[in-house]
Amino acid sequence: MKNLMKMSKLLAFVSAFAFAVSFAHATSINVQVLDQAGAPVPDAVVYAMPVNGKLPASKPAPAIIDQVKRRFVPMVSVVQTGAAVTFPNKDNIEHDVYSFSPAKRFELNLYHGIPANPVTFDKPGLVVMGCNIHDTMVAYLLIVETPYFARTDANGTATLTVPPDSYKLIAWHFRLTDPNAQPTQKVAANTDAATKFSLQLKKAE
């Protein structure tokens with residue numbers, strides 16, 4: 001049993017070391033996301049899947065989605081499959097966070113402060129969240145299988161840091177006219193690369 005535990009720890013160390021080494025020689029993919037009118041699109045998610053299908057054995061990074069002034073902050077998030085997400089309530093009123101999305105059904109019953117346990121999102125897909133008390137509160141969490149992802153800023157730009165390889169780059173936004181038609185591109189990131197997406201979006205409500 002002790003030998004098995006030692007071997008398990010060694011394998012975990014080797015995987016983490018290999019992941020760190022790959023990032024020591026990382027390149028950048030700079031992405032610009034625009035809408036059909038050519039305007040920059042903030043809060044778009046861009047993620048990269050290696051064309052060969054090989055993903056590093058990395059531990060998903062945790063995330064935080066706050067509740068501030070009856071809003072989820074950020075409204076759009078992206079995590080890797082298996083990530084634990086904490087939902088602090090920073091308002092002076094209670095919230096009841098829930099989702100009926102197939103990728104993760106859950107509910108955090110009325111609470112203040114920080115819930116005792118984070119929520120683990122163990123399936124890829126889109127999770128739309130709300131508050132049972134305040135109907136105007138909505139948030140979007142995209143769970144992806146890769147650790148290579150980013151969210152666009154106010155200028156519609158994002159940068160992904162990846163090991164040199166060939167990637168399928170995918171873009172998503174919560175206002176896509178067809179949520180299932182996520183645009184994709186192939187990018188050879190042997191050196192720093194740049195690309196652009198044009199998304200067909202519904203009008204903001």
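Summary table below
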item: Projected-area mean, region 98-148, by convex hull of Cα positions, square nanometres; result: 4.2 nm²
item: For V73, residues with placed amide H under 5 Å, excluding near neighbours; result: D66, Q67, V68
item: Taking region 63-188 and dividing mean pair separation by its residue count, relative contact order in percent (alpha carbons under 8 Å, at least six apart); result: 22 percent
item: Sequence of H173, H25, H134 once ranked by neighbouring C-beta atoms within 10 Å, starting from the fewest; result: H25, H134, H173
item: Matching label, semi-axes √(5λ) of the Cα gyration tensor in Å computed from the structure shown, candidates (i) 30, 26, 13; (ii) 34, 22, 15; (iii) 65, 16, 13; result: (i)
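FYI, it's all coordinate maths here, none of it is from the lab. Source: prediction; values computed, not measured. Using ideal geometry, Cβ is built from the backbone for each residue, glycine included, and neighbour counts are taken over all protein chains shown.
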